[in-house]
Each structure stands twice: as structure tokens, then as C-alpha cells.
1. Quick one: Cα convex hull volume of the chain, Å³ per residue?
2. Under a 5 Å amide H to amide H cut-off, with H placed in plane at 1.01 Å, what residues pair with Gly29 once short-range neighbours are removed?
3. Sketch the reach of a paramagnetic label on Arg113 as a point 7 Å from Cα along Cα-to-Cβ, and name the residues of region 24-54 whose backbone nitrogen lies under 16 Å away.
Amino acid sequence: MSGSGSQPPGCIFCQAREATDHELVVFRGSAAYVILNLFPYNNGHLMIVPNRHVANLSDASAGELAELIEMTRSAEAALREAYKPDGLNVGINLGRSAGAGIVDHLHIHVVPRWAADTNFVTVVGDTRVLPEQLGTTRDRLRPIFERLAVERRQD
């Protein structure tokens with residue numbers, strides 16, 4: 001592996017990349033993949049991750065950056081189709097002080113948002129309630145990503 005260094009033991013994104021049937025992976029491209037967040041803020045919380053273990057945008061190649069943005073665009077389209085959110089948060093946290101939970105493997109968060117999606121349980125109990133299991137979310141989004149990939153190849 002190249003980039004900002006060799007793959008450290010225990011990188012969850014590298015492990016997901018290497019697993020052929022990882023339960024949270026929604027879609028795989030040539031340079032990146034889409035995975036569900038194990039601890040989502042909302043239903044459909046996705047992350048777009050480069051295959052190569054790189055920590056920063058400056059470590060990624062032009063091809064990797066292009067595919068990361070293309071998959072982010074597909075994530076936007078898939079989430080709008082499947083969940084009809086009022087909006088989306090799209091973000092990258094570079095460094096622990098910026099909020100990155102996984103500091104050394106770049107990833108882009110795409111989080112669907114709805115008006116009033118924070119309720120009393122979130123505020124009082126500091127707990128999120130998700131009405132859909134992760135496997136259901138994956139099964140709902142996977143065919144949309146596959147269809148979008150076919151459509152984009154035909155363009």
C-alpha cells in the first residue's frame with residue numbers, strides 16, 4: 001500500500017475493503033467504496049472511503065479524488081430516492097480535533113437530514129433511535145447504487 005504509510009493493524013476501513021462480503025458495504029468501485037456507518041446519526045448515514053489507506057485529501061491521487069466525489073454524488077442521489085430527506089450533511093473531518101473518529105483513513109460522511117429529526121430522546125437521553133436496522137438500509141440502497149453505476153457508464 002502506498003499513501004501516507006502502510007496499513008496499520010486494525011484499520012476498520014481497510015478490513016472492510018478486504019472483506020468480500022462485508023455486511024456494511026453498500027457499493028464498491030475501482031478506487032473507493034461506500035459503507036454504512038456502524039454508529040449512524042440517522043438512517044442512511046453513509047461513508048465514502050478510498051480503497052487506499054490515505055489520511056488526507058492531499059495524499060489521494062486525482063483518480064481517487066474523482067471517484068470519491070462521483071460516489072458522493074451517487075450517495076446523494078440514492079439517499080434522496082430511498083429516503084426523501086429534507087437535506088443532507090456532507091462532510092470530511094481531517095484530524096481528531098476536527099471530529100475525526102478514524103483519523104488515518106480518509107472518508108466522506110453523507111448523512112440524510114429531516115426537519116425536526118432531533119427529538120426528546122436525543123436531547124434528554126443523549127441517545128439516537130433509528131427505526132431501521134443496518135442490514136435493511138444496505139439492502140434498500142445497494143440496488144440503487146448498482147443502477148446508478150450502470151446509468152453513469154452509459155453516459
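Nothing in this text is a laboratory measurement; each read-out follows from the coordinates by a stated rule. Predicted, not measured: the structure shown is a model, and the values here were computed from it. As a convention, Cβ positions derive from the backbone with ideal geometry for all residues, glycine included, and neighbour counts pool all protein chains shown.
1. In the chain, the Cα hull volume divided by residue count equals 124 Å³.
2. Excluding prolines and chain starts, which carry no amide H, the hits are Val34.
3. The answer is 41-46.
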